[in-house]
Structures are given as structure tokens and as C-alpha cells.
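Right, one structure below, let's go through it.
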Amino acid sequence: MEERPLMLVAKDRPTTNTHLVTWVDEMAKMCKPDRVYWVDGTEAEAKALTEEAVGSGVLTPLNPAKRPGSYYSRSDPNDVARTEELTFVCTPTKAEAGPTNNWMEPAETYATLRAIYDGAMRGRTMYVIPYIMGTPESPFAMIGVEITDSIYVVLNMRIMARVGEVALDLLGGSDKFNRGLHSVADLDPARRYICHFPQDDTIWSVGSGYGGNALLGKKCLSLRIASYHAHRQGWLAEHMMLLEAVSPEGETHFIAGAFPSASGKTNLAMLVPPPELAGWKIRTIGDDIAWMRVGDDGRLWAVNPEAGFFGVAPGTNQKTNPTAMKMLEHDCIFTKVALTPDMDVWWEGMDGPSTDLTDWRGKPWRRGSKEPAAQPNSRFTAPMENNPSLSRYAKDPRGVPISAILFGGRRTTTVPLVVESFNWTHGVYLGATAGAETTAAITGAIGRIRRDPMAMLAFIGYDAGAYFAHWLSMFGRMTRPPKIFLVNWFRKGDDGRYLWPGYGQNMRVLKWIIDRSSPAGGRAGAMETPIGLVPRLSDLDLRGLDAPIEAVERALRVDPGEWEKELEAHAD
Ligand code: GTP
Ligand code: SPV
Ligand code: MN
């Protein structure tokens, strides 16, 4: 094996942390990059890296008059979503990973992956990204270092996490950081592995450049590894959006909501109330991940560890999510959307298009074509600061106290618009048995119902049984636990159309949830059903709702026949 000189390592190393330096050297020896570059997180660096990415064709500048500071990126057609079948939890025993995770033995896994990483970075630069999930001042903060050969990953990580010097400063000489190694290698799905070693606080990902597979701070660290730590340390790491709701009277509530991938978290976190409820203000704290701990006051406190939004593009438009449209006006990265002739972005759900396009594969796309122009899991990466309705608590190191937790998923039938659980244990049961139709955010069949407990099926970094027990035990740690609700924006009528208009109209459901959760208690009425408390039509504020009242009635209905089948499915 030829030893390549790694001159830049010695010269550019910005740290004397020997744990870190030793590990980086080791990884470099295995991957054999032409050079090693340590990310410092400055604006000047971002500019230089962006220019390099444009020079090498990884990014294409968008029209600066229409989307200043924004760039476009294409993906290999075989690398467009998270690959759950290639995602592994590598605990010493299979039992620790439990029945819902793919498992591989750690030593064997390291050996298999070492063979793939060996020389995989020849001719490439190895980037070292020190990063923090959470704000540096927060007791929640977690430090990771991601090594990657993808400049796209570097540019996305700097939007999604706090990267560079700030992380090295926080780390100091400590050995306590997550070791993440990522290489796109040859993008061969046959040699693609997303592996987690919770005991070693290590992630090895190879063969994919897609978000959740490659931006290691996100699903890999902040959910799979973090949930493993959370279980041992008595807190929760969840696939949840976080929002701040302020009532017309000025009462503030914080709500957490777990919906599976591509099932409405970003949209709910950025909700704009309808005119009749315009006195309400919804502000975003997070759109994908929540870390929650019990505070001294016995309430459940949550932070969003991310610094940006990696959101689903299709379906985002001026009507559904005007906040996101504003957020996407500048300084974003768009991945595998379609392009207009004047170098702007387009995706399904936007108006038009008024011209032919270039589709996500780079091929000409004729107006009216049945094929989607944007890849169904095409995404935007936007800095948190771009969000015009960002909550002032979004970066609060202490987090926010949660009034209500929502569980949901796409369910064409059976599950009513909203159900309030009778108590914590029942709420945990509703979350644990939640079913959802699969989406384009994961590879495989779309629209298949599967059980997706707490929207965490793919993200629980340990045994699912222990996870449910942990959720149940959280009740004993709290004196003022949040209420738990099940919601479903996606129920359809016999005509195949959504019964509930969704998006901004979901404010009406949030209002009911808040009224039910407020300490004053029961400000809104509910009807007891065998599955939980459900609002009657008269319990919801439906003033000015532009939807047939029969449809809303059907969206609320608890059908005994459907529920008998549902209960059987819970056996899964
Ligand atoms: P991930 O980033 O994959 O975790 O997804 P997410 O849960 O944040 O989902 P997102 O809010 O991006 O929504 C995904 C898709 O569902 C988009 O196409 C939305 O337009 C659509 N959607 C979101 N909210 C609603 C709703 O209330 N009703 C309907 N019908 N569709 C919705
Ligand atoms: C999801 O799939 O739940 C996402 C996108 O939020 S990714 O970060 O790619 O996992
Ligand atoms: Mn997600």
C-alpha cells in the first residue's frame, strides 16, 4: 500500500486536540485523500468552497436576480432518498438493536466498511467538519466531527449545524465527540452502508450523498445515536417539529409534533393561520428534530438541535406554505428540483410552469408532461435565519416547555382529524401504534401502510421495546406532563379527495388542542369515544372554513368497523 503525503494535515490543523487529530490521521490513512481540509466555518471559506463546487459542477448558480446566493444540485438517480434497508445499528448484540433495526456485528462491520473506504478518497479532498448540534451555550449541545469527501455535504452541513471553530472551541481537548466518517465512494447501492456504533459514538456512512444518509449530524447523530444516549440518561430525542403558538390574548404555548418523513412537520411548524384566526401567531422553533428533557419545574423542555431546514420542495407554494416561499428567496441550496430556462427553480405544486423545463435529471421536460419535473423527494436547504417567522426561542439554550405532543401520519382512512388521549400511558400507546403511509422520503414502495411508532421507526437507535418503556417511564419524571394527541390531516373521502383542507386550516385543530391543554383545562369541549376524546363539530372553531361541513364531520368520525381492523393491525 502506497503511503501518500498528507502535507496539509500538519500545516492546517487548527487544533491540538490529540484525540481528534489522531482519529483524523487514522481515517486519512485509510481513505487516502489527496489533501485534508479542516472546515473553519467562516463566510470567506463558504464563498471559496462554493466557488470550488461551482467550478467542479457540483453546484450550479441560480439566477442571482431571482434567487441571490442560491445554488442548484443534481443527484445520481440511484441516490435520492434515505435507504432504510441499508441502515444499521451496530450494537455488540442483536438484542440491543431490537426487532425494528437492521443489525450487523460491530467488528465485522468495521472490517467490511474499511475495505470500501480503503483508498476511496484518492484524488479527492477530505473535509473535516467539526460541528455542534444545539447552540454552543446549551447544556443539550452535542459535538460531532464529520469527515467527508463531498463538498456538497460540507456546504449543507454549514447550513444545518454550527460548524468550524465554534465547535473546536467547545470541544477543547476533550475526547467526547461523535466520530462520523462519510464517503460517497462510488455511489454504488451494492456498497452502500449507513452504520451506527452507539457504544463507540461513531457513524460510518458510505456510498450515498443524500441528506439523511450523508449529513451525519441530522438523522444519524441527532436521532439514532442521541436516542441511544437519551434512553440511558433519561431524556428523549425525537423526530418532531417544534412550534410556538401565541393566542390573540397573548398566551404562549409550545407544541411538539412527530409525523413521519414527508408528512407535514415543516408545514405545521411554519403555519400561517386563516383570516378568521389571524389573531393567532405561529412561529417556528424546529421542523424535524426535538431533544426533550424534564426541567426543574417538572415540565418537558425541548430544543431544536439544528441550525437550518432540509425540507421537501414539492407541494410547497404560496398557498400551502408562504413562510417557506419567503425563506427560499435567497441563500439556499436546492437539490434535484426542476429548472426554468432563466435558471430559477420549479417543482410540482408551484403555479405553472409557463415554459418547458429542465427536469431533475437534466433532461428537457415538456410542459404538461405526466412525469414529475422535480424529483418527488427533492429538497431545499435553508438557514434558520431565512425563516421570517422564526421564534425568538429557536436558539434559546434552555429550550421551551411543551404543552402538547402530537403524533400523526398519512392515513387515508380510520384515523380522525384529532384525538386527545385519556392520559400519558394511553397517549404513548397511540404514538407507539401509529400507522402511516410511506412517502418518497425513503426508497421503496410509496403509500404502503406501515406501523411507524412515534414517527421513529427508522430512527430509534436501540430496542423498540425499551424505547416504549422509556416513553412510559418519562411520566414518572414529570409533574406537569404535556397532553398527547393523535392527528391526521390526510383522511380521504370516497371520491379520493382530502376531507380536511390542511395547511393553514390546521390552526383550527391547534386551537382546540391548546384549549384542551391549557392549565385552566377544558376550555374546549370534547366527546368521549372508545379511542379517546374527539371534538364535536361545535367544539372546533370553523368560522369561515371553506370546506363542506359534511367532509369535516367525516374527518372527525370514529368508525367502529374501521377501528376493529386497525386494532388488529396494532399487533404488528
Ligand atoms: P421530512 O422533512 O421528510 O421529515 O418531512 P415533513 O414531515 O417536514 O413534511 P412536510 O411538511 O415537508 O410535508 C411533506 C408533504 O406533505 C408536502 O408535499 C406538503 O405539501 C404535504 N403536506 C404538509 N402538510 C399538509 C396538510 O396539512 N395537508 C395536506 N394535504 N398535505 C400536507
Ligand atoms: C426525513 O426523511 O425524515 C427527512 C429528510 O427529514 S432526511 O434528512 O434526508 O432524512
Ligand atoms: Mn424528517
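Each part gets one Cα centre, and for the range 77-143 versus the range 471-503 those centres are 31 Å apart.
Between the amide H of Ile285 and those of Leu242, Leu243, Glu244, Ser391, distances stay under 5 Å, these residues lying 5 or more places away or on another chain, with hydrogens modeled in the peptide plane. For the chain, the mean residue ellipticity at 222 nm estimated from helices alone is -7000 deg cm²/dmol, where every DSSP H run of n ≥ 4 contributes -39500 (n - 2.57) and the total is divided by all residues, rounded to the nearest 500. Modelled spin-label separation between Arg13 and Asp188, with each label point placed 7 Å from Cα along the Cα-to-Cβ direction: 3.4 nm.
Among the listed pairs Lys281/Lys492; Lys492/Lys565; Lys66/Lys326; Lys29/Lys218; Lys47/Lys326, those with a Cα-Cα distance over 19 Å are Lys281/Lys492; Lys29/Lys218; Lys47/Lys326.
Under the criterion of Cα pairs below 8 Å and six or more residues apart, the relative contact order for the chain equals 15 percent.
Exposed loop sites, defined as GluC sites (Glu not before Pro) outside DSSP H, G, I, E and B with at most 16 other Cβ atoms within 10 Å, are absent from the longest region of the chain, namely 330-572. For the chain, the longest principal axis of the C-alpha atoms and the axis of helix 464-477 are separated by about 60°. What is the helix-to-structure angle for 18-31, meaning the angle in degrees between its Cα long axis and the longest Cα principal axis of the chain, kept from 0 to 90 and rounded to the nearest 10? Long axis of 18-31 versus the principal axis of the chain: about 80 degrees. Positive contributions from Lys and Arg (+1) and negative ones from Asp and Glu (-1), summed over other residues with Cβ under 15 Å from the Cβ of Pro372, come out at +4. Within the accessible area of the chain, the carbon and sulfur atoms contribute 53%, probe 1.4 Å, all protein chains present.
If the chain linking His570 and Met527 were pulled fully straight, counting 0.36 nm for each residue of separation and taking away their Cα-Cα distance, it would gain 13.1 nm.
Sort the range 88-224 into rounded, prolate or oblate with this rule: let a ≥ b ≥ c be the square roots of the eigenvalues of the Cα gyration tensor; rounded if a/c is under 1.5, and if a/c is not under 1.5, prolate when a/b is larger than b/c, oblate otherwise. It comes out oblate by the Cα gyration axes.
With R₀ set to 30 Å, the beta-carbon distance separating Ala65 from Glu371 gives a calculated FRET efficiency near 0.55.
Percentage of Cα-Cα pair distances in the range 298-387 greater than 21 Å, rounded to whole percent? Cα-Cα pairs of the range 298-387 separated by over 21 Å account for 34 percent.
Take the Cα of Arg361, step 7 Å toward its Cβ, do the same at Leu537, and the gap between the two points is 4.9 nm. In terms of Cα atoms, the Rg and Dmax of the chain work out to 23.3, 76 Å.
Taking only the C-alpha atoms of the range 141-287, the Rg (one decimal) and the largest Cα-Cα distance, Dmax (whole number), read 18.2, 57 Å. The residues of the chain expose on average 39 square angstrom of accessible surface per residue, using a 1.4 Å probe on protein heavy atoms. Computed from the C-beta positions of Glu562 and Lys326, the FRET efficiency with R₀ = 51 Å rounds to 0.80. Angle of helix 106-117 to the longest C-alpha principal axis of the chain, folded into 0 to 90 degrees and rounded to 10: 60°. The tail of the calculated P(r) for the range 335-468 beyond 20 Å holds 66 percent of all Cα-Cα pairs. Within the chain, DSSP assigns beta bridges of which about 65% are antiparallel (rounded to the nearest 5). With all projection directions averaged, the alpha carbon convex hull of the range 488-557 covers 5.0 nm². Rounded to the nearest 0.05, the FRET efficiency derived from the C-beta distance between Gln199 and Arg114 at R0 = 25 Å is 0.90.
The values are calculated or read from the model by the stated rules, or taken from the named source; none is laboratory data. Not measured: the values here are computed from a predicted model. Cβ atoms come from the backbone with ideal geometry, glycine included; neighbour counts cover every protein chain shown. Heavy atoms of the whole protein, side chains included, go into the accessibility calculation; ligands, DNA and RNA do not. Shrake-Rupley method; radii C 1.70, N 1.55, O 1.52, S 1.80 Å.
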